[in-house]
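Okay, structure first, notes after.
The values are calculated or read from the model by the stated rules, or taken from the named source; none is laboratory data. Only a predicted model underlies this, so the values are computations on that prediction, with no experimental measurement involved. Here the Cβ positions follow ideal geometry from the backbone for every residue, glycine too, while neighbour counts run over all protein chains shown.
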Amino acid sequence: IRQVMDRMYTAAPDGYCGDEDNGQTSAWYVFSAMGFYPVCPGSGEYVLGTPYFDEMKLHLENGKTVSIKANNNSEENCYVKALTLNGKPYSHNYITRTDLMNGAQFVYDLAPTPNKQRGTADTDAPYSFSKTQKK
């Protein structure tokens, strides 16, 4: 996700892919900069990426706050080593709208290489991942 953001969103004439979609690509970029983005509207799930910012807060209309912190955030450290949600280890590769609307504290620990042990269970996959194989 970071590679797409870095390579395809620049100030050059060809540096803003998907400009013809009435803002959907821009919305994807903003979500991705927060560390998650909607893949399947209506599913209530957001796929996790890595935040572009070291720390940010979303103040929700219901008075709750979503806090997102990215430890060791850098160009090289673009992979999730570990993630906690509300102080507890979190292995899923998605978050839910309910998680967000209840207020949440996400802490990402980022690293230069992927943690291939994290988020590998079937239950860690987002709704948008198909469970069937094409023939």
Notebook entry, point to check: Looking at this structure, is L83 modelled with pLDDT of 85 or more, surrounded by 13 or more Cβ atoms within 10 Å (Cβ to Cβ) and out of contact with any Phe, Trp or Tyr (no Cβ under 7 Å at 6 or more places or on another chain)?
Noted result: no
Next item on the list: State yes or no: is T120 in contact with a Gly (Cβ under 7 Å, 6 or more places away or on another chain), among the polar types (S, T, N, Q), modelled with pLDDT under 95 and surrounded by fewer than 19 Cβ atoms within 10 Å (Cβ to Cβ)?
Entry: no
Next item on the list: For the range 27-46, state whether one or more residues are on the phi > 0 side of the Ramachandran plot and within 13 Å of the chain's Cα centre (by Cα).
Entry: yes
Item checked: Where Y127 falls short, out of the listed (1) part of a helix (DSSP H, G or I); (2) in contact with a Cys (Cβ under 7 Å, 6 or more places away or on another chain) -> (1)
Notebook entry, point to check: Exactly one of (1) within 23 Å of K116 (Cβ to Cβ); (2) at pLDDT 95 or above; (3) under 13 Å from the mean Cα position of the chain (by Cα) is unmet by Y90. Its number?
Noted result: (3)
Next item on the list: State whether the residues of the range 23-38 include one that is of a type outside the set (K, R), at pLDDT 75 or above, farther than 19 Å from A70 by Cβ and not in a helix (DSSP H, G or I).
Entry: yes
Next item on the list: Please work out which one of (1) surrounded by 17 or more Cβ atoms within 10 Å (Cβ to Cβ); (2) among the β-branched types (V, I, T); (3) not in a strand (DSSP E or B) is the condition T113 fails and give its number.
Entry: (1)
Next item on the list: Search the range 46-72 for residues that are in a loop (DSSP other than H, G, I, E, B) and pair each with any residue that is of a type in the set (D, E) and surrounded by 13 or more Cβ atoms within 10 Å (Cβ to Cβ) when their beta-carbon atoms are under 8 Å apart and the residues are at least 6 apart or on different chains.
Entry: N72/D109
Check: Looking at the range 86-93, is at least one residue of a type outside the set (V, I, T), exposed (fewer than 14 other Cβ atoms within 10 Å of the Cβ) and in contact (Cβ under 8 Å) with a residue 12 or more places away in the chain?
Finding: yes
Next item on the list: Of the conditions (1) crowded, with 17+ Cβ neighbours inside 10 Å; (2) modelled with pLDDT of 95 or more; (3) of a type in the set (S, T, Y); (4) in contact with a helix residue (DSSP H, G or I) (Cβ under 6 Å, 6 or more places away or on another chain), Y52 clears all except one; give me its number.
Entry: (2)
Note to self: Contact list please: Cβ distance under 9 Å, first residue in the range 101-118 and closer than 25 Å to H59 by Cβ, second residue in a loop (DSSP other than H, G, I, E, B) and β-branched (V, I, T), pairs at least six apart or on different chains.
What the structure shows: Y108/T50; L110/T50
